[in-house]
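Reviewing the structure listed below.
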Amino acid sequence: MNLQEYLIQRRIEAACHDLKHTEATVKEIATGAGFADEKNLFRMFKKHYKMTPSDYRKINALSMQVDGIDNDSHLPYDERELASLVKSYRDGESTMFGSLRSKEMILAAAISMMLLLTACTSGTPANNGGTANTTPAQAQQTAQQEGSETKASEAVSQTRTISTVKGDVEVPNNPQRVVVDYLVGDVVALGVTPLGVARAARGETEPVYANQITDSIKVAMEPEDIMTLEPDLIILAWSDESYDDLSKIAPTIYVPYGDMTTEERIQFISDVLNKQEEAKDVLNAYNGKIEEAKLAFQNAGLSDMTITVGEFSDKSNYIAGAKHAVGELVYNELQLQAPSKVQTDIIDADKYWGDVSMEVLPAYSGDYMIFLGDGNVASDNAVWNAIPAVQHDRIVKVDSSLSWSTDVMTSSALIDYIVSQLLALAK
């Protein structure tokens, strides 16, 4: 067997041991055996044993030494008497002895004889010299169903070739088990619920698409964790460091999101997922929101105002360029103006961030400032307090739920928020 099969087998063996010999919950057993969660354990267990972990525990309850095991049934006989009535075999199938077994055997023999006679009759030529139908209607229906299932299976298994910065990658035509790193909102917006998600939020912050991924498994992008999910497609965006390892598990697409516009990225991911029509609707709605925002800024006299985007604190200040998620939205899509120092030192230099000390921060500060994240600046900081945008309270605070990700769903919510905040401050 390969490494993945061996790993799963060992984890299932560990789970079986704990189900039989401990009082731990299924969730605790799943975690202890190395599964992502109890859902993953249930799926693997049913695949290998054709039963749930709870059923396995009940069947093996008699062999357990722990009296406190949660067992739905109470034995009407002592263990010795019950053992003489029921015999377990084949991982839990039970056969009742005595008259019940005899009746079942007789009934089974009768049914077999009926089926045999029916088959013989169907295959015998009729008295009028005609040829009997050698394929009964039921067999035809079964063949049709099998043919439909085969076609459906083939449709799912068909592949397409996607050109990426890592070379051509062959992906499923209709991926069913997608694992996504960082750009979760893009995948959800295109109508796909990921099997596994990583970096969907920063810390305890809930993303805007939280309700759409309640059934998704939270994972780290570690090969061993991803392997247990048995994905058929991996979409990677945060970093390409693990690309080689992940691509050995399933077709892996690396999205260089910092080098792509929102429109380019959505179209690319839609090609990967085979969701081109859905992408048109997503982009039409998004571009419409952009145009409405630009018109609102123009009407409020904000089009010519300068905006600084960054994370600010007493120790360090990181000024966003046009490659940063929020910077790309503010400067490239909403087409708001950057201060001249931000433009020359950060944007024109093609930097993601500009690390600026507090002493020189005023030179990078615009008429309005978009304050990203959950940090703060000391109220008695003289340099900070001398900045005009601070003095006139022209600060838009954006928490991590809107500033962490660059996906289209988060960006759409961020546009609404920035527009409402800037328009309120401009009055």
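The values are calculated or read from the model by the stated rules, or taken from the named source; none is laboratory data. Since the model is a prediction, treat every value here as computed from it, not as a measurement. Using ideal geometry, Cβ is built from the backbone for each residue, glycine included, and neighbour counts are taken over all protein chains shown. Heads up: the accessible areas ignore ligands, DNA and RNA and are worked out on the full protein's heavy atoms, side chains in. Shrake-Rupley method; radii C 1.70, N 1.55, O 1.52, S 1.80 Å.
Descriptive notes on the structure:
- Here SER403 clears all of (1) over 26 Å from the mean Cα position of the chain (by Cα); (2) surrounded by 21 or more Cβ atoms within 10 Å (Cβ to Cβ) except the condition numbered (1).
- Those residues of segment 250-274 which are under 20 Å from the mean Cα position of the chain (by Cα) and surrounded by fewer than 19 Cβ atoms within 10 Å (Cβ to Cβ), in sequence order: PRO256, GLN267, ASP271, ASN274
- Listing of helices (runs of 4 or more DSSP H) fully contained in segment 130-235 that carry 2 or more residues being modelled with pLDDT of 95 or more: 184-189
- Check on ALA378, among the hydrophobic types (A, V, I, L, M, F, W, C), open to solvent by less than 30 Å² (accessible area, probe 1.4 Å), out of contact with any strand residue (DSSP E or B) (no Cβ under 9 Å at 6 or more places or on another chain) and at pLDDT below 95: no
- Among the residues of segment 202-209, not a single one is under 10 Å from the mean Cα position of the chain (by Cα), open to solvent by less than 30 Å² (accessible area, probe 1.4 Å) and of a type outside the set (Asp, Glu).
- Scan of segment 304-326 for residues that are open to solvent by less than 40 Å² (accessible area, probe 1.4 Å) and either part of a strand (DSSP E or B) or more than 16 Å from GLU263 (Cα to Cα) (or both), ordered by number: THR306, ILE307, THR308, VAL309, GLY310, PHE312, SER313, SER316, ASN317, ILE319, ALA320, GLY321
- Answer residue from segment 410-427, given it is surrounded by 21 or more Cβ atoms within 10 Å (Cβ to Cβ) and under 17 Å from VAL208 (Cβ atoms) and is farthest from the chain's Cα centre (by Cα) among those: ILE418
- Test: VAL360 is of a type in the set (Val, Ile, Thr), farther than 17 Å from MET305 by Cα and surrounded by fewer than 19 Cβ atoms within 10 Å (Cβ to Cβ): yes
- Single match in PHE42, PHE35 (criterion: among the hydrophobic types (A, V, I, L, M, F, W, C), open to solvent by 60 Å² or more (accessible area, probe 1.4 Å), modelled with pLDDT of 50 or more and within 26 Å of the chain's Cα centre (by Cα)): PHE42
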